[in-house]
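Each remark here refers to the structure printed beneath this line.
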Amino acid sequence: MNHQSASEAGKNYASHAPAYFQVHDVHAFYGESYIVQGVSFNVHEGEILALLGRNGAGKTSTLRTIARMSDPQMTTGEIWLDHQPLHDMKSHQAARCGVGLVPEDRCIIPGLTVQENIELAQIEEPKGWSINRIFELFPRLGERRKQEGVTLSGGEQQMLAIGRALARDIKLLLLDEPYEGLAPVIVQEIERTLLEIKNLGMTTIIVEQNAVAALKLSDRALILDTGEVVYDGTAKEVLDNEALRNEYLAI
C-alpha cells in the first residue's frame, strides 16, 4: 500500500525543511489521554493541506495544538510559522504571529452585527483585510452587514467566521469542519472562496469529515490514525488510492 508510517512521515518532514509552516514531533494530551502522538509535517506557503482521518484520529486536537489552545496540552515538540517558534506561545500570542483558527462552532458573537463581528477582529489586529475587501470576497455578508451575525444561515455564518479570521493579519488559516451541516451548493461556494484565498497566497490547513471534498480542494493530504501520521503526500494520491481511503477514511 502506498502510504507512509509515522517514522517515514518524520523523514519526509526533514527532507523538505525548512518550510513555511512546520510541525515537528509534537505530543499533546487531554488530561491523561495521549491524543497527538509525535506528529510531524510541513506546509509550504500558499498550499492547502487536508488533515484527514476517522473520528477520534486526533485531527481537531492537532489543529488546536497548532493554534496553541489550552486544550490539548502540548508536552514536547516544535511548531514554526514563517521562521517564528509558536511552541512556547499562548493562543493569543500565536494569533498575533499570524495563526487564524476558524473553529467548528464558528463562535459568532451574539448581539453583534455581521459588520461588528468583523470590526471587532480589526480592532485587535488592524493590519488584516479591510472590511470592504472581505465583503468583495463574500458579497452575501455585505448584503447582510447590519444583520445580527447569529441569525445568519449556517453557510453565511461560516463565511463570516472566515471573513473575521482574514480581518486579522494572518499567515496561516486553520479550518475545522468548514462544511459541517452545509448544503452541497453552499459547500461549493465556500470551496470557490478558499481557492480564491489560496490564489492570493494564503496557506491553509483544513480538517474535514467530507474527505473527498477536502481532497479535491487541497494540494496535499495528511492522514492521522489514533494520533499518529500514517500518510503524508499529495491529495491526488489519496483520491487515486482506493485501498488507502478504505483503510483510513472509510470512503
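Coordinate-derived values only; no laboratory data. Quantities reported herein were computed from a predicted structural model and do not represent experimental measurements. Ideal geometry is used to build each Cβ from the backbone, glycine not excepted, and the neighbour counts take in all protein chains shown.
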Discussion item. Please report Rg (one decimal) and Dmax (integer) in Å for the Cα set of segment 25-82.
Written reply: 11.4, 36
Response to the item:
Between the Cα axis of helix 6-16 and the main Cα principal axis of the chain, the angle (0 to 90°, nearest 10) is 70 degrees
Discussion item. Taking amide H atoms as placed 1.01 Å from N in the peptide plane, list the residues 5 or more away in sequence, or in a different chain, whose amide H sits under 5 Å from that of residue 87.
Written reply: 79
Worksheet entry | Built amide H within the under 5 Å cut-off of residue 203, gap 5+ | 46, 173
Worksheet, complete the sentence: Heads up, segment 151-251 by the C-alpha gyration tensor (a ≥ b ≥ c square roots of eigenvalues; a/c under 1.5 rounded, else a/b over b/c prolate, else oblate) looks prolate
Worksheet, complete the sentence: Spelling it out for residue 225: with amide H atoms placed in the peptide plane at 1.01 Å from N, the residues 5 or more places away or on another chain with amide H under 5 Å from its amide H are 230
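Work out the FRET efficiency for residue 153 and residue 30 from their Cβ-Cβ distance, taking R0 = 30 Å, and round it to the nearest 0.05. Could the numbers behind the result be given before it?
On the way: r = 32 Å, r/R0 = 1.08.
Computed FRET efficiency for residue 153 and residue 30 comes out at 0.40.
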Worksheet item: Among 166, 51, 112, which one shows the biggest mean-square fluctuation in a GNM of the chain, springs joining Cα atoms closer than 10 Å?
Response: 112
Practice prompt. Per residue of segment 240-247, in order, report the coupling 6.51 cos²θ - 1.76 cosθ + 1.60 (Karplus, θ = phi - 60°) as ³J(HN,Hα) in whole Hz, putting x for Gly and Pro.
Written response: 8, 10, 5, 4, 5, 4, 5, 6
Response to the item:
A chain fully extended from residue 78 to residue 241 at 0.36 nm per residue, minus the present Cα-Cα distance, gains in nm 55.6 nm
Discussion item. Excluding same-chain pairs closer than 8 in sequence, count the lysine pairs in the chain whose Cα atoms lie under 14 Å apart.
Written reply: 4
Worksheet item: Ordered by residue, what ³J(HN,Hα) values in Hz, to whole numbers, does segment 131-139 give under the Karplus form 6.51 cos²θ - 1.76 cosθ + 1.60, where θ = phi - 60° and Gly and Pro are x?
Response: 5, 5, 5, 5, 5, 5, 6, 10, x
Worksheet entry | Simple spin-label estimate for residue 216 and residue 136 in nanometres, 7 Å along Cα-Cβ | 2.8 nm
Practice prompt. With Kirkwood radius over Cα pairs in Å defined as stated, name the option among [x] 21.2; [y] 18.3; [z] 19.3 computed from the structure displayed.
Written response: [y]
